[in-house]
Amino acid sequence: MDELGLEGTVVNVKEGYARNYLIPQGFALIADNRNIKLIESQKKKIETNRIKAKEDAEKAAKTLEGILITISHKVGEEEKLYGSVTSMDIAAELEKKGISIDRKKIVLDKPIKSLGEFDVKIKLHPQVTGSVKVTVVAGE
């Protein structure tokens, strides 16, 4: 939902998308006079929440900076993996280290299919991205 706009902003979307998804899920309100006045009165609280969320994301990014994850995976000929290392595998390894990250925030251009060390980006906030080092080693 990050690409649609931040809390408190007015954006134009297709009527069906708003009516069938955004409004029922509680992600949006119709921009009528009453709702606009309500948002205006809550602007300071919304801005404070945005700043706090960004600061929390920056702290999390610093925490992730020194993390090294080692994933053991079956290897075939020419050191190619059977299957691949996905964002779900990385999220599980982070969970073992006590760091809870939603796998959807882990940015992999494509799944990892070879041995080696990889720098994996994690989108913690629309303006903050952290990264972890993932080492894939041969396993049984």
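A few notes on this one:
- Taken over segment 59-101, the residue count meeting the criterion of being open to solvent by 70 Å² or more (accessible area, probe 1.4 Å) and closer than 14 Å to Val120 by Cα is 5.
- Residues in segment 123-140 that are of a type in the set (A, V, I, L, M, F, W, C) and either crowded, with 21+ Cβ neighbours inside 10 Å or touching a Gly at 6+ places or on another chain (Cβ under 7 Å) (or both): Leu124, Val132, Val134, Val136.
- The residue that is farthest from Lys133 (Cα to Cα), among those in segment 64-96 that are of a type in the set (Ser, Thr, Tyr) and touching a residue at least 40 places away in the same chain (Cβ under 8 Å), is Ser72.
- Strands (runs of 3 or more DSSP E) enclosed by segment 42-140 - at least 2 residues per element that are modelled with pLDDT under 90 and within 30 Å of Leu29 (Cβ to Cβ): 116-125, 128-139
- Of all residues in segment 29-58, those satisfying the criterion of being closer than 23 Å to Leu124 by Cβ and surrounded by 13 or more Cβ atoms within 10 Å (Cβ to Cβ) are Ile46, Glu47, Asn49, Arg50, Ala53, Lys54, Asp56, Ala57, Glu58.
- The listed residues are Leu115, Leu108, and the only one of them that is under 21 Å from the mean Cα position of the chain (by Cα) and either over 26 Å from Lys52 (Cβ atoms) or open to solvent by 60 Å² or more (accessible area, probe 1.4 Å) (or both) turns out to be Leu108.
The values are calculated or read from the model by the stated rules, or taken from the named source; none is laboratory data. Small disclaimer: the values here were computed from a predicted structure and weren't measured. As a convention, Cβ positions derive from the backbone with ideal geometry for all residues, glycine included, and neighbour counts pool all protein chains shown. Note: areas computed on protein heavy atoms with side chains; ligands, DNA, RNA excluded. Shrake-Rupley method; radii C 1.70, N 1.55, O 1.52, S 1.80 Å.
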